[in-house]
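Asker: Starting off with a structure, shown below.
The values are calculated or read from the model by the stated rules, or taken from the named source; none is laboratory data. What you see is a predicted model; the values in this text were computed from it and never measured. Cβ: placed from backbone, ideal geometry, glycine included. Neighbour counts: every protein chain shown.
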Amino acid sequence: MLQTMAIRNADDRILERQGDGQRTSSREIDDLILDAARSCVLDFGMQRTTLAEISRRAGVSRPTVYRRWPDTRAVVADLLTREIRAALPEMIDTGSARSQLVAAVVDVVSQIRDHPLFVKIRVADQELLTTYIVDRLGASQRSILELLTAVVAAGQRDGSIRDGNVGEIAAMTLLIAQSVVISAPTMEGQLSRTAAVEHMRSAISAYLTPVAGSGH
């Protein structure tokens, strides 16, 4: 069994050296820990996940985990951020900014809503989601807002998105999408999953479309 020993390099970044002499970068260790946290949450739910079990599954020492995250909630928050950022698409230069934005929102909502980690948290650990719906924005939401803001600005320049405060339009678009991810399951008796996404597509497209006579 490989033994893991924490060391520091010249610029004080944490590295892990395994028994075979190979070194693992700090970023790689972060991903190992987040991968371990993912498997723990899927197996146990967040409430029963411990930093001790995360460190065991990651194959690193407990101090290595504690140096990065103070508690399980912090690890899971960064895990959610990583998973959501991975779902964000690259914007391309073909087509209008509005058509790209609408397609991207539909794609991301579909991915996140069916993501096994999100499904587990929504079912077993709703308190974590409530924090980011009621209390404050999470890092992943800020990342999405930054992307939405940039695309809305591009859409106003190419004439495909209506005039208005760019930040407010981006925020409202996020709220519409977020409601489908979080709240649509409560309406499945009246609104199928497919219908919810299609209505969201229509709502966001109509919301972003320039108003006649506005100059766009």
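Asker: Restricting to the stretch 159-178, name every residue that is surrounded by fewer than 14 Cβ atoms within 10 Å (Cβ to Cβ) and modelled with pLDDT under 95.
Answerer: L175
Asker: Further question on the same structure: Is it fair to say V123 is at pLDDT 90 or above and either among the hydrophobic types (A, V, I, L, M, F, W, C) or closer than 17 Å to V152 by Cα (or both)? Give the derivation first.
Answerer: Details: at pLDDT 90 or above: no; either among the hydrophobic types (A, V, I, L, M, F, W, C) or closer than 17 Å to V152 by Cα (or both): yes.
Taking the combined requirement at face value, the residue does not satisfy it.
Asker: Here's another thing I want to ask about it. Answer yes or no: is there a residue in the stretch 135-152 that is touching a Phe, Trp or Tyr at 6+ places or on another chain (Cβ under 7 Å) and not in a helix (DSSP H, G or I).
Answerer: Let us first name the residues in the stretch 135-152 that are touching a Phe, Trp or Tyr at 6+ places or on another chain (Cβ under 7 Å), namely 138, 141.
Then drop every residue that is not not in a helix (DSSP H, G or I), which leaves 138.
Looking for residues that are touching a Phe, Trp or Tyr at 6+ places or on another chain (Cβ under 7 Å) and not in a helix (DSSP H, G or I), one finds at least one in the stretch 135-152, hence yes.
Asker: Could you count how many residues in the stretch 33-46 are over 13 Å from A77 (Cα atoms) and not in a helix (DSSP H, G or I)?
Answerer: The number of residues fulfilling the criteria is 1.
Asker: In the stretch 51-68, which residues are of a type in the set (G, A, S), under 13 Å from E28 (Cα atoms) and not in a helix (DSSP H, G or I)? Lay out the reasoning, then the answer.
Answerer: Keep residues of the stretch 51-68 that are of a type in the set (G, A, S), which gives 52, 55, 58-59, 61.
Applying the additional criterion that residues be under 13 Å from E28 (Cα atoms) yields 58-59.
If the condition is that a residue be of a type in the set (G, A, S), under 13 Å from E28 (Cα atoms) and not in a helix (DSSP H, G or I), then G59 is the only one that fits.
Asker: Also, quick follow-up: Right, S140: small (G, A, S), buried (at least 17 other Cβ atoms within 10 Å of the Cβ), outside the structural domain of C40 (by TED's automatic domain parsing) and under 20 Å from the mean Cα position of the chain (by Cα) or not? Break it down into steps so the answer makes sense when it comes.
Answerer: Details: small (G, A, S): yes; buried (at least 17 other Cβ atoms within 10 Å of the Cβ): yes; outside the structural domain of C40 (by TED's automatic domain parsing): yes; under 20 Å from the mean Cα position of the chain (by Cα): yes.
Criteria met by S140.
Asker: Here's a follow-up. From the residues in the stretch 177-215 that are hydrophobic (A, V, I, L, M, F, W, C), without any contact (Cβ under 8 Å) to a residue 60 or more places away in the chain and in a helix (DSSP H, G or I), which one is nearest to L129 (Cα to Cα)? Give the steps one after another, and end with the answer.
Answerer: Taking the stretch 177-215 first, the residues hydrophobic (A, V, I, L, M, F, W, C) are 177, 180-182, 184, 187, 191, 195-197, 200, 203-204, 206, 208, 211-212.
Checking which are without any contact (Cβ under 8 Å) to a residue 60 or more places away in the chain leaves us with 187, 191, 195-196, 203, 206, 211-212.
Okay, now just the ones that are also in a helix (DSSP H, G or I), so 187, 195-196, 203, 206.
Values: M187: 18, A195: 24, A196: 20, A203: 24, A206: 28 Å.
Step by step, filter the stretch 177-215, then rank; the result is M187.
Asker: Restricting attention to the stretch 71-118, which residues are among the aliphatic types (A, V, I, L, M), modelled with pLDDT of 90 or more and either in contact with a Cys (Cβ under 8 Å, 6 or more places away or on another chain) or not in a helix (DSSP H, G or I) (or both)?
Answerer: Correct list: empty.
Asker: Further question: Name the residue that is surrounded by the fewest Cβ atoms within 10 Å (Cβ to Cβ), counting only residues in the stretch 57-109 that are small (G, A, S) and under 26 Å from A153 (Cβ atoms).
Answerer: Looking at the filtered set, the residue picked out is A86.
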